[in-house]
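Read-outs: derived from the displayed coordinates by stated rules, not from any lab. Predicted model only: the values in this text are computed from it and were never measured. Every residue, glycine as well, gets a Cβ built from its backbone with ideal geometry; the counts of neighbours run over all protein chains shown.
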Amino acid sequence: MSGFVEELLERSEALKLVCDSLGFPYKMRTRRVDIDNACGLRLGKDLKAPEPHPPFPRSLRDGYAVRSADVIGASPSSPVFLRKCGNVPMGGVAEEPLPHEGAMQIFTGGILPCNGDAVVMLEDTEESGPWIEVRKSVMPGENVISRGEEIATNDVIAEVGDILDFKNIPAACGLGVRQIDVIDLEIGILSTGDEVVDISTKPLPPGCVRDVNGVMLHLLLKHYGFHSRFLGIVPDDFRRLKESVENSLEDFDVIILSGGSSVSSRDFCYDVIQNLGDPGLIVRGINMKPGKPTLIGGINKEGSSKLVISLPGHPLSCSVVARVVLLPLLDMMIGGARLYEKNFKIIKLKCLDDFISRSGVEEYIPVSLKFDGVVPVNSKSGYISALKRTAGLAVLPINRETTRKGEEIEVILW
């Protein structure tokens, strides 16, 4: 049987082998989009600041701009009196430099007047005719953010492969960036199997299932900043599957097959990937549960490569392999080990129940997140709603059988 797994690789070994075989990372195509349309996409080039921020020294408090040397030793019992010299208009600049032993009223965000180097907070002062009574000394730079203190010109504010979202887009907007380069990676999804039918099929024929994996993969990829397109359902027919994959590879960089990698004479994914070209099939099974029958291959192209991965057909198994194998490969394709390590974060949480597994295989168990830890979510690989109660996947390493209640366990969050 073509899909029979004879030799299993550990997950980390499989990832490294694929990257070495296909030359990941490589220089990706990019496309330019308006920043208004960039949310949720992957950054294609390091985003460098075109100017400093803030662009001028700004006050962090309402109060008075002063020369710090003029208020040395000021205290409630021994105040310093400074002459009031007007105010700094919001959205404008002071008309005159700040004179020696002068104070200029300023509001939060206002530009510090020339010669001023600190701000005394309003509550530490009192106005008395033409004088400002200062009851607290300040150090140079106190209650002030200097020009370029947060971001200097050419500072990297986001790196290649980062997902553009509410955490980094506002900084780009504040620096006047209107267009941005994003990764142009084309991913195609093919579902396989005679029993798989379109989600709109009604009534459902006996023995058939609606295509859950195609939808799940598209949404999972979108959540992680990758654009994908569903290319349809292919029956268990070698010629048609081979033709679909080869035709798709002309327009797509990555082809994801869902189903067709289990031990069955009707599954032809192994043969299709094996005969793609150089290197063809790279990984024939991974020592993980679920996900053992995963197949990974590709074609070496000058300047770039094509990746083909066949995921298990059961929805839970498919989603697990997509999270811990497919997404890391995509990260390494566009950004190398740096991006993979940045995004594939494992945290340790307390077990609120026993996690039962067996040694000799790396196991991934869906977990529900509670206030003080995690509990396993009992799900079978064929469940289509297994993920709705989960926050992530607990990782039970190869050399461990059971993690007991009260112990810590490693968790990969969705």
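Tabulated values for the structure
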| read-out | value |
| --- | --- |
| Whole-Å semi-axes of the ellipsoid equivalent to the stretch 1-145 (Cα gyration tensor, √5λ, descending) | 60, 19, 12 |
| DSSP-defined beta bridges in the chain - what % are antiparallel, rounded to 5 | 70 percent |
| For the stretch 96-105, Karplus couplings with θ = phi - 60° (6.51, -1.76, 1.60), whole Hz, Gly/Pro x | 10, x, 6, x, 4, 6, x, 9, 10, 5 |
| Tensor-based shape of the stretch 180-268 (alpha-carbon gyration tensor, a/c under 1.5 rounded, otherwise prolate or oblate) | oblate |
| Kirkwood hydrodynamic radius over Cα pairs of the stretch 63-204, then Stokes diffusion coefficient at 20 °C and 1.002 mPa s, in µm²/s | 109 µm²/s |
| The chain, Cα convex hull volume normalised per residue, Å³ | 198 Å³ |
| In order through the stretch 37-51: 3J(HN,Hα) via Karplus (6.51 cos²θ - 1.76 cosθ + 1.60), integer Hz, x for Gly, Pro | 10, 8, 4, x, 9, 9, 5, x, 9, 3, 9, 9, 5, x, 7 |
| Cross-link table Lys306/Lys350; Lys350/Lys388; Lys27/Lys48; Lys27/Lys167, entries beyond 29 Å C-alpha to C-alpha | Lys306/Lys350 |
| Contact order normalised by residue count of the chain, Cα under 8 Å, 6+ apart, percent | 18 percent |
| Span from the the stretch 54-70 Cα centroid across to the the stretch 324-381 one, whole angstrom | 49 Å |
| Where the Cα pairs of the stretch 300-347 fall when distances are cut into 10 Å bins, in % | 24, 44, 28, 4 |
| Phi-based couplings in Hz for the stretch 180-186 (Karplus 6.51, -1.76, 1.60; Gly and Pro marked x) | 8, 8, 10, 4, 10, 10, 9 |
| Relative contact order for the stretch 183-316, counting Cα pairs under 8 Å that sit 6 or more residues apart, in percent | 24 percent |
| Size of electric dipole in the chain: Cβ of Lys, Arg +1 and of Asp, Glu -1, about Cα centre, debye, nearest 20 | 860 debye |
| Cα-derived Rg to Rh of the stretch 12-56, Kirkwood definition | 1.19 |
| Contour excess over end-to-end distance, with Cα ends at Cys173 and Ser78 and 0.36 nm allotted per residue | 29.6 nm |
| Percentage relative contact order, the stretch 62-121, counting C-alpha pairs under 8 Å, at least six apart | 51 percent |
| The stretch 215-353 - Rg (one decimal) and Dmax (whole number), Cα, Å | 15.4, 51 |
| More than 15 Å apart - percent of Cα-Cα pairs taken over the stretch 329-386 | 66 percent |
| Proximal lysines to Lys292, defined as alpha-carbon separation beneath 22 angstrom and excluding residues fewer than eight positions away on the same chain | Lys16, Lys380 |
| Max mean-square fluctuation residue, GNM over the chain, Cα-Cα springs under 10 Å, options Val272, Val209, Val18 | Val209 |
| Solution diffusion estimate, µm²/s, Stokes-Einstein, the stretch 1-76, Kirkwood Rh from C-alpha pairs, 4 °C, viscosity 1.567 mPa s | 64 µm²/s |
| Taking the convex hull of Cα positions in the stretch 306-414, its mean projected area over all directions (nm²) | 7.4 nm² |
